[in-house]
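Scroll down for the structure; my scribbles are underneath it.
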Amino acid sequence: MSIFGSIMSKIFGGSASAQAAAPHTSETPNVSAASMGASGAGSSSSGASAPSMAGAPSPVATGSSNTTQSNVDVGQVLSDMAAKKGENLNYKQSIVDLMKLLDLDSSLTARKQLADELHYTGDKDDSATMNVWLHKQVVQKLAENGGKVPADFQNA
């Protein structure tokens with residue numbers, strides 16, 4: 001699973017996992033197969049099911065099915081997790097602290113991988129700038145995928 005997929009799964013629970021599986025079990029395969037064919041990924045006569053599985057993380061990041069996860073209060077979910085964790089984490093503004101809160105690898109390597117997933121085009125060696133961008137993008141993607149994100153996350 002992608003790092004962003006893991007973030008989604010931790011925050012949205014089972015609905016994110018269901019969406020990650022949806023491209024090869026619902027009406028979405030036609031879209032996945034068509035987009036995979038357009039990118040030249042189809043290679044064999046049975047390629048329709050293999051590319052849709054390979055492309056599974058992408059629909060999670062783009063939010064093709066918002067209804068599965070709509071109305072999840074991201075702020076409340078994270079606040080509850082922070083209360084249980086008992087650490088003072090600045091997850092509303094820090095991608096590192098957000099990843100720690102979610103019990104995900106927050107190393108520079110993991111953040112660079114997340115930057116690749118979210119198509120960061122800046123200098124990954126400038127980790128401060130990349131981290132600010134990553135947090136904003138993750139918050140935006142959570143909202144695009146049906147999460148209710150509080151304003152204090154979006155102003156970070």
* Asked: In the full protein assembly as shown, how much of Ser2 is accessible to a 1.4 Å probe, in Å² to the nearest 10?
  -> 30
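Using the Cβ atoms and a cut-off under 13 Å, what net charge is assigned to the surroundings of Tyr120, where Lys and Arg are +1 and Asp and Glu are -1?
0
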* Any lysines with Cα under 19 Å of the Lys136 Cα? List them, leaving off those in the same chain fewer than 8 positions away. => Lys10, Lys92, Lys100, Lys112, Lys124, Lys148
* Structure fact -> Residues meeting the amide H criterion for Asp73 (H placed from the backbone, H to H distance under 5 Å, 5 or more places apart or on another chain) are Lys148
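The values are calculated or read from the model by the stated rules, or taken from the named source; none is laboratory data. In this text, all values refer to a predicted model and were calculated from it rather than measured experimentally. Neighbour counts are summed over all protein chains in view; Cβ atoms, including those assigned to glycine, are modelled from backbone coordinates with ideal geometry. For accessibility, only protein heavy atoms count, side chains too; no ligands or nucleic acids. Shrake-Rupley method; radii C 1.70, N 1.55, O 1.52, S 1.80 Å.
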